[in-house]
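Chemist: Provided herewith is a single structure, encoded as structure tokens, for subsequent inquiry.
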Amino acid sequence: MTDHPIFKHGWIVVLAVGICAPALLSSYDLNLLGRFLAMAILAIGIVLIWGEAGILTLGQGVFFGMGGYCIAMYLKLSSLEAGALPDFMEWSGVSALPWWWVPFANPVLALLAIIVVPAVFSGVFAWLVFRRRIVGVYFALITQAVALTFATLLTSQQNTTGGYNGLTGFQTIFGLELGTTDGNRTLYWVTLAILALVFAATRWLIGSRYGTVLRATRDGENRVRFLGYNTTPYKVVAFALSAVFAAIGGALFTLHAGVVSPAFVGVVPSIEMIVWVAVGGRHSLWGAISGVLIVNFAKDMISSALPEAWLYVLGLVFILVVMFLPNGLAGLVDDLWQKYRTRDGSNDMAGSTGALEESK
Amino acid sequence: MTTSTRYVLAAGMAFGLGQAALAQDETVNVGVLQSLSGTMAISEVTVKNAEIMAIDEINAAGGVMGHQIKAVIEDGASDPAIFAQKATKLIQNDDVVTVFGGWTSASRKAMLPVFERADNLLWYPVQFEGNECSANIMYSGAQPNQQILPAYTWAKDQGKESYFLVGSDYVFPRTANMIVKKHIDEDGLSLAGEEYVPLGGTDFSAVIAKIRAAQPDIIFNTLNGDSNVSFFKQLASAGISIEDTPVMSFSIGEQEAQAMGVSLVEGSYAAWNYFETLPGEANEAFIAQYRDAYGANAAVTDPMLHGYLNVYAWKAAVEAAGAFDVDEVRAAAVDLDVDTPMGTVSFAPNQSLRQTAYVGELNESGKFDILWQSEGMIEPQPYDPLTFPNKSCDLSAG
Amino acid sequence: MLDATLLAGQVFNGFSVASLFVLAALGLALSFGLMRVINMAHGEMLMLGGYLAYLTYLVVPGPLAILVAMPVAFLGAALLGAVLELTVIRKLAARPLDTLLATWGVSLILQQAARSIFGPIGVGVTAPDWLNTGFLLAGVYIPSTRLFILAVAVVVLAVLGLVIARTRLGLLVRAVNQDRMMAAASGINVRRVDLAVFCLGTGIAGLAGVVLSLLGPVTPSVGQSYIVPAFLVVVMGGLGSMVGTTVAAIILGLVSAISQIFLDVSMSQVLMLLSVIVFLQFRPQGVVATRSRALEE
């Protein structure tokens, strides 16, 4: 990964800004930032699976949605009196809570489900596919079909999933009133802390022996096999981890947004998630986080003022980035830094080439 | 309500809602929140146009209680989460006194908690499935008993005995059909079939095979958007003619008919609370003015008209209350007569609109010939008493 | 309620759906086999075909307009394909996953362009009267539109088969398909073969757009509703094989149509995806496996 020298100590600055944000921003802007940081957790998962393992997935929306629905089911049940049914079930003619809703009445099980459900689903799926050595474009297309199918399924099972409307109308979580200024602030802290944790863990993982094998698999899977590694488990774990990160991001996003619906899950949102990381830089954790913030703040500003122009901008930026900046903005910063260092005649050449090699 | 919510409310009132804080010449912000991008933009942009037109007219005529109105326009981007986000922005950052907007039930459901928490008011313009009752929403679109049930009653009176229900797979068609099924059952008529296709679906071969096998007297069509074109094309190419098997549609208005190619849907029925062809000078003036602004061929539809009348209903309620305060406006709006292009209407105590139901038949010029109208205004019922016997909507207490 | 007529009708519908899948997927499969790239803007070539049909109908009204529209759409889409190949795809030849992403950007822009030019609502293309009939065959109603589309698919497959088997272009395509490096070494202009095949593929998509307009609306997003099943057909069919694509399209078409006797459309979509994943457990190389001496595919 191209973790740039600037960032070596830059994280202190970034974290400081993150910590000061609640004091500087209005409640609304803080809520927006909180949503984007939740998306950034998903983006870190994409760096792991796409940047490090070289596996392009067009189905991250599925796991984002899974996390969102897990927490939303708990919120929905906790806002009801004991024994009552969610409103949409009543008017869909459902008379008893479906068995797979029952565990979500328990907060601990619901939180556990945010991790376990996507881990199991993604693990089984990835194992089925990777063990038959289905890779590259094939895998990308299958994951896209999964995204479409999952969104269709959620929409069609209206009586138990809330259908196209999704789940909404949440009140409190663990005594915290959602949607209020206090609620937003607390939620922001939680999101920031989890993002920092996921960031640190992924960074450690990438630097570990596991990360090395994963990158080797990306660059020459058969060679790694000939060295005696069974690459399938490595890839399955990477895919499952990225799915779990997506689900954690989705759960936090749902708390910030106050709604979860199939609109998060489908084909287009899933590709947009890839766009964030492509713009920021697929090999860089910082890049991915910046990508999420840049693309989404731009979307927030441009799409209201010029809704027609937004899709042109998004499409064009994406084409240009993929063609000319395959490592995204992080790669650009890196290149500029290298040029600057070389011209400067810096004596720290050893350090920077080291970083360069690591990035390949 | 916790202390923190109270604090937010108090702050909100001090900034914009409170009458006292408002100088006489100050402008008042209102929100207009529709999808300007994404799949719903096709329909919602026209509603936004109608809402803005009403606001401009009111400003030109001197504003509301001497205040000019400033519309803050936001894009909901066809995404419920964005609707909730933008609603929050309008209320918190732009200090709007009320918001006009929404189309899909998903967007309304996502915005509802935002409006309840901030105690602001949303004016919602589209026909929907009912089953909702919030003090912070004014529902001017038809409840099921003002659109789909009158259409069913009309069909029953026409002697139709077997019904085939086709819909897009989302909340409105499924709930509307559930209510219709109850009534079919109650009346001892027969259900010939019920099929759903995913939103945007284009393949109707299997559905049409089932229609062919079932030979229904009439098809009730709650398909949405583009799917309608596929459905009617494939119906025609399968040799099922609208003359033999009539189709009653609930989401095809003048605009959709124009876009689909009139020859495809000519002779089919639609049920709405407003048709372009309604008689009356107010309606003619409204249509002329809209075409002046948006082109001579622009279609005028039921949801557009409801968006337009919402703005006027809000103005009337503010003036009756003598304040912009949400609770006073809401109370004043109930039973208050408002003159609109579709006649004089009023909101019932459950904050839904009393209105007349019409059944129209599409003629070759893409307009609807009105075949039938309900006897007077229909009282809105958010919960169909036959389907949901234990539910009622009483907002007088809250 | 499984009665024989309904079943027979759905078998016919299955082949009808399969013919749409074939027309939508064939171009994808051809260029995928040759260049290992997936063009996400392929759906927009269908869209372009539909709009070209609409424009043709404005210029040449009459019952035979559709026969004029088909070559027009073929050429128009092939031309746009050439532009796309020369500006984007060629530059990304070594990075198939990035090609997929860049062409998604192209697809976004093309959709928005259609929205700006033709409006978001879409345009109506009416089938000529001679296609608006049908006949009963053993109790099953056969609409002539669907029969026409089936015939178009068969003709396209036959012509394409002849081109690949009998012409010089076909010879070159087969050579590059078998071993790109050796073909280049023996003096074949590999790039030009790529370009020709890509244009041929997008041209077929344009043609598909015309026949689709007989069954549904022409809207800026029409391509999106066919593209995911087309991708599944390519994945299931195996590396760019024509036979594989056809067989996969028929299997998926039949799965979709027959399952709809018992299930609603949403569930039948789920079933379609599941059947692809299960199929790949047994034949990961797809219906037709190409043997290759190269280790890294």
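The values are calculated or read from the model by the stated rules, or taken from the named source; none is laboratory data. Computed from a predicted model, the values in this text were never measured in an experiment. Ideal geometry is used to build each Cβ from the backbone, glycine not excepted, and the neighbour counts take in all protein chains shown.
Chemist: Among (1) under 25 Å from residue A:264 (Cβ atoms); (2) of a type in the set (A, V, I, L, M, F, W, C); (3) surrounded by fewer than 24 Cβ atoms within 10 Å (Cβ to Cβ), where does residue B:133 come up short?
Modeler: Only one criterion in (1) under 25 Å from residue A:264 (Cβ atoms); (2) of a type in the set (A, V, I, L, M, F, W, C); (3) surrounded by fewer than 24 Cβ atoms within 10 Å (Cβ to Cβ) is unmet by residue B:133, namely (1).
Chemist: Turning to a different aspect of this structure: Yes or no: residue C:89 aliphatic (A, V, I, L, M) and under 28 Å from residue C:255 (Cβ atoms)?
Modeler: no
Chemist: Going through the range B:24-44 one residue at a time, which ones are under 14 Å from the mean Cα position of the chain (by Cα), over 20 Å from residue B:97 (Cα atoms) and either of a type outside the set (Asp, Glu) or not assigned by TED's automatic domain parsing to the domain that holds residue B:95 (or both)?
Modeler: B:40, B:43
Chemist: Please determine whether any residue of the range C:176-199 is hydroxyl-bearing (Ser, Thr, Tyr) and over 30 Å from residue B:237 (Cβ atoms). Lay out the reasoning, then the answer.
Modeler: Quick first cut of the range C:176-199, residues hydroxyl-bearing (Ser, Thr, Tyr) only: C:186.
Then drop every residue that is not over 30 Å from residue B:237 (Cβ atoms), which leaves C:186.
Looking for residues that are hydroxyl-bearing (Ser, Thr, Tyr) and over 30 Å from residue B:237 (Cβ atoms), one finds at least one in the range C:176-199, hence yes.
Chemist: Tell me yes or no: at least one residue of the range A:163-186 is crowded, with 17+ Cβ neighbours inside 10 Å, farther than 19 Å from residue B:87 by Cα, over 15 Å from the mean Cα position of the chain (by Cα) and within 8 Å of another protein chain (Cβ to nearest Cβ).
Modeler: Yes; the residues of the range A:163-186 include at least one that is crowded, with 17+ Cβ neighbours inside 10 Å, farther than 19 Å from residue B:87 by Cα, over 15 Å from the mean Cα position of the chain (by Cα) and within 8 Å of another protein chain (Cβ to nearest Cβ).
Chemist: Here's another thing I want to ask about it. I'd like to check something: does the range B:220-230 contain any residue that is more than 26 Å from residue B:38 (Cα to Cα) and either buried (at least 24 other Cβ atoms within 10 Å of the Cβ) or assigned by TED's automatic domain parsing to the domain that holds residue B:205 (or both)?
Modeler: yes
Chemist: Could you figure out which of (1) at the interface with another protein chain (Cβ under 10 Å from one of its Cβ atoms); (2) more than 15 Å from residue C:204 (Cβ to Cβ) isn't true of residue C:20?
Modeler: With respect to (1) at the interface with another protein chain (Cβ under 10 Å from one of its Cβ atoms); (2) more than 15 Å from residue C:204 (Cβ to Cβ), residue C:20 is out only on (2).
Chemist: So, one more: Report, by residue number, each residue of the range C:138-155 that is outside any loop (DSSP other than H, G, I, E, B) and exposed (fewer than 12 other Cβ atoms within 10 Å of the Cβ).
Modeler: The one that is outside any loop (DSSP other than H, G, I, E, B) and exposed (fewer than 12 other Cβ atoms within 10 Å of the Cβ): C:155.
Chemist: Can you report the number of residues in the range C:226-266 which are without any contact (Cβ under 8 Å) to a residue 40 or more places away in the chain, assigned to a helix (DSSP H, G or I) and facing another protein chain (nearest Cβ under 7 Å)?
Modeler: Here the count works out to 3.
Chemist: I'd like the residue in the range C:204-225 that is more than 23 Å from residue C:155 (Cβ to Cβ) and outside any loop (DSSP other than H, G, I, E, B) and, out of all such residues, is farthest from the other protein chains (Cβ to nearest Cβ).
Modeler: The selected residue is C:224.
Chemist: Report yes if residue C:158 is of a type outside the set (D, E, K, R) and surrounded by 12 or more Cβ atoms within 10 Å (Cβ to Cβ), otherwise no.
Modeler: It is false that residue C:158 is of a type outside the set (D, E, K, R) and surrounded by 12 or more Cβ atoms within 10 Å (Cβ to Cβ).
Chemist: Of all residues in the range C:178-227, how many are surrounded by fewer than 19 Cβ atoms within 10 Å (Cβ to Cβ) and either among the acidic types (Asp, Glu) or within 12 Å of the chain's Cα centre (by Cα) (or both)?
Modeler: Result for the range C:178-227: 1.
Chemist: Check the range B:143-166 and report whether any residue there is more than 10 Å from chain A (Cβ to nearest Cβ) and of a type in the set (Asp, Glu).
Modeler: Within the range B:143-166, one or more residues are more than 10 Å from chain A (Cβ to nearest Cβ) and of a type in the set (Asp, Glu).
Chemist: Moving on to the next point. Could you figure out which of (1) within 13 Å of another protein chain (Cβ to nearest Cβ); (2) modelled with pLDDT of 90 or more isn't true of residue A:212?
Modeler: (1)
Chemist: Follow-up question, since we're still on this one. For residue B:115, indicate whether it is assigned to a helix (DSSP H, G or I) and outside the structural domain of residue B:46 (by TED's automatic domain parsing).
Modeler: Numbers: assigned to a helix (DSSP H, G or I): yes; outside the structural domain of residue B:46 (by TED's automatic domain parsing): no.
Taking the combined requirement at face value, the residue does not satisfy it.
Chemist: Take the residues of the range A:275-308 that are surrounded by fewer than 24 Cβ atoms within 10 Å (Cβ to Cβ) and facing chain C (nearest Cβ under 9 Å): which is modelled with the lowest pLDDT?
Modeler: A:308
Chemist: Let me ask something additional. If residue C:36 satisfies every condition in (1) at pLDDT below 95; (2) buried (at least 21 other Cβ atoms within 10 Å of the Cβ); (3) within 14 Å of chain A (Cβ to nearest Cβ) but one, which is the exception?
Modeler: Failed condition: (2).
Condition check ((1) farther than 22 Å from residue C:264 by Cα; (2) not aliphatic (A, V, I, L, M)) across all residues:
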{"residue": "A:71", "(1), (2)": "yes, no"}
{"residue": "A:78", "(1), (2)": "yes, yes"}
{"residue": "A:93", "(1), (2)": "no, yes"}
{"residue": "A:104", "(1), (2)": "yes, yes"}
{"residue": "A:108", "(1), (2)": "yes, no"}
{"residue": "A:111", "(1), (2)": "yes, no"}
{"residue": "A:128", "(1), (2)": "yes, no"}
{"residue": "A:138", "(1), (2)": "yes, yes"}
{"residue": "A:162", "(1), (2)": "no, yes"}
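Chemist: Same structure again: Provide a single number: the residues in the range A:101-110 that are surrounded by fewer than 20 Cβ atoms within 10 Å (Cβ to Cβ) and either touching a residue at least 40 places away in the same chain (Cβ under 8 Å) or not in a helix (DSSP H, G or I) (or both). Break it down into steps so the answer makes sense when it comes.
Modeler: Restricting attention to the range A:101-110, the residues satisfying the condition of being surrounded by fewer than 20 Cβ atoms within 10 Å (Cβ to Cβ) are A:101-103, A:105-109.
Right, trim to either touching a residue at least 40 places away in the same chain (Cβ under 8 Å) or not in a helix (DSSP H, G or I) (or both) and you get A:101, A:106-107.
Residues in the range A:101-110 being surrounded by fewer than 20 Cβ atoms within 10 Å (Cβ to Cβ) and either touching a residue at least 40 places away in the same chain (Cβ under 8 Å) or not in a helix (DSSP H, G or I) (or both): 3 in total.
Chemist: Among the residues of the range A:128-142, how many are surrounded by fewer than 22 Cβ atoms within 10 Å (Cβ to Cβ) and of a type in the set (Val, Ile, Thr)?
Modeler: The first filter runs over the range A:128-142 and keeps only residues surrounded by fewer than 22 Cβ atoms within 10 Å (Cβ to Cβ), leaving A:128, A:130-137.
Within this subset, residues satisfying the condition of being of a type in the set (Val, Ile, Thr) are A:134-135, A:137.
Number of matching residues: 3.
Chemist: Select, from C:156, C:140, the only residue that is within 12 Å of chain B (Cβ to nearest Cβ) and aliphatic (A, V, I, L, M). Step through it out loud before you land on a result.
Modeler: On the way: C:156 fails: within 12 Å of chain B (Cβ to nearest Cβ).
Exactly one residue qualifies, and that residue is C:140.
Chemist: Going by the structure shown, is residue A:90 part of a loop (DSSP other than H, G, I, E, B) and at negative phi? Before you say what the answer is, go through the steps one by one.
Modeler: Values: part of a loop (DSSP other than H, G, I, E, B): no; at negative phi: yes.
When the stated conditions are applied, residue A:90 does not pass them.
Chemist: Hey, does the range A:147-156 have a residue that's farther than 30 Å from residue C:37 by Cα, more than 14 Å from chain C (Cβ to nearest Cβ) and in a helix (DSSP H, G or I)?
Modeler: Kept after step one, since they are farther than 30 Å from residue C:37 by Cα, are these residues of the range A:147-156: A:154-156.
Remaining after also requiring more than 14 Å from chain C (Cβ to nearest Cβ): none.
No, because not a single residue in the range A:147-156 is farther than 30 Å from residue C:37 by Cα, more than 14 Å from chain C (Cβ to nearest Cβ) and in a helix (DSSP H, G or I).
Chemist: OK, next. So which residues in the range B:194-218 are small (Gly, Ala, Ser), farther than 23 Å from residue C:121 by Cβ and surrounded by 19 or more Cβ atoms within 10 Å (Cβ to Cβ), if there are any at all? Explain how you work it out, then say what you get.
Modeler: Filtering the range B:194-218 for residues small (Gly, Ala, Ser) gives B:200-201, B:205-206, B:209, B:213-214.
Those still in the list that are farther than 23 Å from residue C:121 by Cβ too: B:205-206, B:209, B:213-214.
Listed by number, the residues that qualify are B:205, B:206, B:209.
Chemist: Picking from C:102, C:82, C:93, which residue would you name as being among the small types (Gly, Ala, Ser), surrounded by fewer than 19 Cβ atoms within 10 Å (Cβ to Cβ) and within 14 Å of chain A (Cβ to nearest Cβ)?
Modeler: So the residue among C:102, C:82, C:93 that is among the small types (Gly, Ala, Ser), surrounded by fewer than 19 Cβ atoms within 10 Å (Cβ to Cβ) and within 14 Å of chain A (Cβ to nearest Cβ) is C:93.
Chemist: Which number in (1) crowded, with 24+ Cβ neighbours inside 10 Å; (2) away from chain C (no Cβ under 14 Å) marks the one condition that residue B:178 misses?
Modeler: (1) is the only condition that residue B:178 fails.
Chemist: Hey, residue C:128 hits all of (1) surrounded by fewer than 22 Cβ atoms within 10 Å (Cβ to Cβ); (2) of a type outside the set (Val, Ile, Thr); (3) farther than 30 Å from residue B:212 by Cα; (4) within 14 Å of chain B (Cβ to nearest Cβ) but one; which does it fall short on?
Modeler: With (1) surrounded by fewer than 22 Cβ atoms within 10 Å (Cβ to Cβ); (2) of a type outside the set (Val, Ile, Thr); (3) farther than 30 Å from residue B:212 by Cα; (4) within 14 Å of chain B (Cβ to nearest Cβ) applied to residue C:128, the lone miss is (3).
Chemist: State whether the residues of the range A:233-255 include one that is within 14 Å of chain B (Cβ to nearest Cβ), over 14 Å from the mean Cα position of the chain (by Cα) and closer than 26 Å to residue B:104 by Cβ.
Modeler: So far as the range A:233-255 goes, yes, one or more of its residues are within 14 Å of chain B (Cβ to nearest Cβ), over 14 Å from the mean Cα position of the chain (by Cα) and closer than 26 Å to residue B:104 by Cβ.
Chemist: Right, something else. Restricting attention to the range C:46-53, does a residue exist that is in a helix (DSSP H, G or I), surrounded by fewer than 22 Cβ atoms within 10 Å (Cβ to Cβ) and either at pLDDT 90 or above or of a type outside the set (Asp, Glu) (or both)?
Modeler: no
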